Ligand code: NAD
């Protein structure tokens, strides 16, 4: 039913039902790493909930999925870690029109068009890495954004994450742990041979492999990582997102080098088109493109909501499952 035609009572019922349903899907996805539905179905239900809650804000509850990052992770047996600053999610858009609307809002808030750093959206799970005097001392998952899980021993088995930086800095950096496509294929083949349920996608496989009490399991899963964020740019002397990526690399941290700084919206379209084509040739999964205001002082000015930064947006690729369906239909008619 179109939102405008809903009675208040219908709206309340649908909002409550969606909140409950999405919480259940979120728990399976974030805590058990075993989704109950495809992402595009979750995304469609979530988008409907956002619109409902916008129109009927009286039905927003503090535990609504729109008000929380990830999941509470209460079922996890891993030790808990409180993040020094919340680890947020990203706002997402599914069309160029919506992306243009985000750009218009951002440009209006800032006062003029500013450069954006475009990055690939790595299909993995977020991790925070704390280095003290250059040494890796702690690693944690995002969890519910405020409290995550301690995965230090697990992360220490990941070869691309240095135990020591090239400079003795004390800094927390954040990035994405992912499972390369080749490791994912090998793992699922093995699981099927062993009569186990295969992982739904590389992201769930990465999360399931990292969040293990037995670190030998993590070690055998061949995970990798990219770092893309720090809340302490002054520690590494940078003023832009693109500059931060370069510095991370100098420090020995793994970074994805496909980022690009652009100054006009037309270049975003080109970048999106390019990686929609090239994504299948990458050795790791990506599920979209992240557009970030490049200047870090402007990021601070724009700030965050309770769940997402206002200075960034994720453009999500159309789901591969849906594309297959569309292609099959085209082939059969
Ligand atoms: P998200 O994964 O869509 O986006 C936010 C995350 O992107 C960040 O936390 C970060 O980890 C990651 N990221 C990757 N590359 C990045 C880059 N270059 N810069 C910054 N961040 C980058 O958001 P989310 O809140 O983790 O989860 C929502 C997603 O999970 C949706 O796609 C949804 O479909 C899926 N989900 C699915 C189910 C299901 O049942 N299928 C349930 C819950 C969530």
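Fully extended, how many nm does the chain gain between residue 137 and residue 110 (0.36 nm per residue separation, minus their Cα-Cα distance)?
5.9 nm
Rank by packing, highest mean first: peptides 110-119, 206-215, with packing defined as the count of other Cβ atoms within 10 Å averaged across residues.
With the highest mean Cβ count within 10 Å placed first, the list reads 206-215, 110-119.
Can you put 89, 140, 182 in order of Cβ neighbours within 10 angstrom, beginning with the fewest?
Going from least to most buried by this count: 182, 89, 140.
Comparing 108, 292, 156, which has the greatest mean-square fluctuation in the GNM of the chain with Cα pairs linked when under 10 Å apart?
Maximum fluctuation in the GNM of the chain, among the listed residues, is at 108.
R0 = 51 Å: FRET efficiency of residue 250 with residue 63, Cβ-based, nearest 0.05?
It comes out at approximately 0.75.
Before anything else, pin down the relative contact order of the chain: Cα pairs under 8 Å, at least 6 apart, normalised by residue count, whole percent.
Here the relative contact order equals 22 percent.
Arrange the following residues from fewest to most other Cβ atoms within 10 Å of their Cβ: 203, 174.
174, 203
How are the C-alpha pair distances of the chain spread across 20 Å bins, as whole percents from the shortest bin up?
Here the calculated profile for the chain is 29, 60, 11, 0.
Over all distinct Cα pairs, what is the inverse of the mean 1/r for the stretch 202-262, reported as the Kirkwood hydrodynamic radius in Å?
13.5 Å
Using the beta-carbon distance between residue 234 and residue 8 and R0 = 51 Å, what value does 1/(1 + (r/R0)^6) give for FRET efficiency, to the nearest 0.05?
In this case the efficiency is close to 0.55.
What does the extension gain come out to for residue 17 and residue 300, with contour length at 0.36 nm per residue minus their alpha carbon separation?
Fully extending the segment from residue 17 to residue 300 adds 98.3 nm.
Restricting to Cα pairs below 8 Å that are 6+ residues apart, what does the relative contact order work out to for the stretch 3-67? Please round to a whole percent.
41 percent
Given 5 Å bins starting at zero, what is the percent of C-alpha pairs of the stretch 3-67 in each, up to the one with the largest pair distance?
In order of increasing distance, the bins hold 4, 18, 30, 23, 14, 8, 3, 1 percent.
Grab the Cα-Cα distance for residue 274 and residue 181, subtract it from 0.36 nm times how many residues apart they are, and report the gain in nm with one decimal.
Additional length available on full extension: 31.5 nm.
Order by neighbour count: 7, 130, fewest other Cβ atoms within 10 Å first, most last.
Taking fewest neighbouring Cβ atoms as first place, the list is 7, 130.
Need the C-alpha centroid separation for the stretch 69-146 versus the stretch 156-206, integer Å.
If you average the Cα positions of each part, the centres end up 18 Å apart.
Every number here is computed from the coordinates shown, using simple stated rules; none is lab data. No experiment lies behind these values; they were computed from the predicted model shown. Neighbour counts run over all protein chains shown; Cβ positions are idealised from the backbone, glycine included.
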